Structure formats: C-alpha cells, structure tokens
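A.B. asks: Submitted below is the structure of interest, expressed as structure tokens.
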Amino acid sequence: MSDPSTVRSGPDRTRRRAAIVVVARAVLIATGLVTAYYLLPLDERGTAGVSALLACGSAAVLLMFWWEVRAIMRSPHPRLRAVEALAATLPLFLVLFASGYYVLEHLTPGSFSEPLTRTDALYFALTTFSTVGFGDITARSQAGRVLTMVQMAGGLLLVGVAARVLAGAVQMGLRRQSRGPSAQPQSRPDAGPRDREAGP
C-alpha cells in the first residue's frame, strides 16, 4: 500500500513548483517592463506620441487583463494565476503613467513642481497609485493634473473592479476544478461509442 504522506506530498510538490514558476514569471515581467521603461527613447516623442503612447498602453493593460482572466479560469492553480495577473498588470499600469509624466515634463517644462527624471516620474506614479502623495512632487499644469486624475481613476478601477473580476475568475476556476472528472459521464465497459457519448 502507498504511504498517505507520499500521496499528499505529490500535489504539494506540484503546487510548490507552480508557485515558484509564478513568482519567477512575475519578477521577470516586472523587471522587463521597468527595464523597457528606462531604455525606450521617450524623449523623442511629441504631443501626438504621448497620446498614442497612453492610448496604446491603456489598450495593452485591458488586453493583458482580459487574457489573464481567461487564463485564471482555465488554470489548474487559479489563485496563483491571479497573483501573476496582478503582478503583470500593475507594473504595466505604473510604467505607462510614469512614461506619460516623464514625456509631459519634457514637452512642457514646469508641468510638475520639479523637473522629472525617469525615476522621479516612476516615483510620482507609484505615490499617486498608493494614495500616499508625499507632496514633494506635484502636478502644476492643467495637462499634468488631468493625467494625474486619469491615473487616480484608473487606479481605483484597478483596485476595485479588477480585483473583484479576478476574485470571480478564481472562484469560477475553482468550481471548474472541483467538478473535474466527476462532472464527466462515466462510461460502461460494455457500452458502445454512442452509449458512452450519451452517458447513463
């Protein structure tokens, strides 16, 4: 007879391996996004470029989120996949607005209370998202304030609506998992192909 502890350790080992993969992938995605933020030639963009950047970036956030929700519902580990979804969507959201702040300050100097480096812009995006708002960097121009308000609204949606959607996707994934093989009709050994399809 097989040892129950050995049987239990199999799923535990699989879950642990899946958790390591999720964490590694989340770190790689976040690192890749931040690296791209620092390497992309943002200084060369004009006003049209900023608008295109924000529009394409917003579409990318929505597409990534939609794809992640579908992946969560199909995943054998929906909770872990939801963590990965947040770890991928949040850095993209922050990098998108940091890029917007950085480009805006370079197009219209004085849009913020001090000139922004890329690190300053990322710092401002993060403090705005976390609602800490230390006050050392503030938006002064109308465009800067509008962009900051858009980020605030987007952040509230991401925390409120997106978290709720992800939780719903996790529940659907877990329900789908619990149905598993028991939901499939069991075939009788003496049944023909048609009988097996029709079920009992």
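A.B. asks: Under 5 Å between amide H atoms, partner at least 5 residues away or on a different chain: which partners does Thr108 have, H built in plane at 1.01 Å?
C.D. replies: Distant-sequence amide H within range of Thr108: zero hits.
A.B. asks: Could you report the accessible area of Arg176 in Å², rounded to 10, computed with a 1.4 Å probe on the protein chains as they sit in the structure?
C.D. replies: 130 Å²
A.B. asks: For the range 69-77, take each phi angle, set θ = phi - 60°, evaluate the Karplus expression 6.51 cos²θ - 1.76 cosθ + 1.60, and give the result in whole Hz per residue in order, putting x for glycine and proline.
C.D. replies: Here the 3J(HN,Hα) series is 4, 5, 5, 4, 5, 9, 6, x, 10 Hz.
A.B. asks: Each label point is 7 Å from the Cα along the Cα-to-Cβ direction; what then is the distance between the points at Ala163 and Ser51, in nm?
C.D. replies: Label-label distance for Ala163 and Ser51, simple model: 3.5 nm.
A.B. asks: Among 13-21, 56-64, how do they line up by average Cβ neighbours within 10 Å per residue, starting with the highest?
C.D. replies: 56-64, 13-21
A.B. asks: In sequence order, what are the phi-derived ³J(HN,Hα) couplings for the range 28-37 according to the Karplus relation 6.51 cos²θ - 1.76 cosθ + 1.60 with θ = phi - 60°, rounded to whole Hz, with x for glycine and proline?
C.D. replies: 5, 5, 4, 5, x, 5, 5, 4, 4, 4
A.B. asks: What does the extension gain come out to for Glu114 and Met172, with contour length at 0.36 nm per residue minus their alpha carbon separation?
C.D. replies: Stretched out fully, the Glu114 to Met172 stretch lengthens by 16.2 nm.
A.B. asks: Quick check: with the 1.4 Å probe, what order do His77, His106 take by accessible area, largest first?
C.D. replies: Listed by decreasing accessible area, they come as His106, His77.
A.B. asks: Test of understanding: extend the Cα→C-beta vector of Ala143 to 7 Å, then name every residue of the range 72-107 with backbone N under 17 Å from that spot.
C.D. replies: What the label zone holds, given the 17 Å backbone N cut-off, is 97-107.
A.B. asks: What residues qualify as long-range amide H neighbours of Arg140, i.e. H under 5 Å apart, gap of 5 or more or another chain, H built at 1.01 Å from N?
C.D. replies: Sorted by chain and number, the residues that satisfy this are Phe112, Ser113.
A.B. asks: Right, here's the next one. Just subtract the alpha-carbon distance of Ser58 and Val23 from 0.36 nm times their residue separation and send over the number in nm, one decimal.
C.D. replies: 10.2 nm
The values are calculated or read from the model by the stated rules, or taken from the named source; none is laboratory data. Please read all numbers here as calculations on a predicted model, not as lab measurements. Please note: Cβ atoms are built from the backbone with ideal geometry, for glycine as well, and neighbour counts cover all protein chains shown. All accessible areas refer to the heavy atoms of the entire protein, side chains included, with ligands and DNA or RNA removed. Shrake-Rupley method; radii C 1.70, N 1.55, O 1.52, S 1.80 Å.
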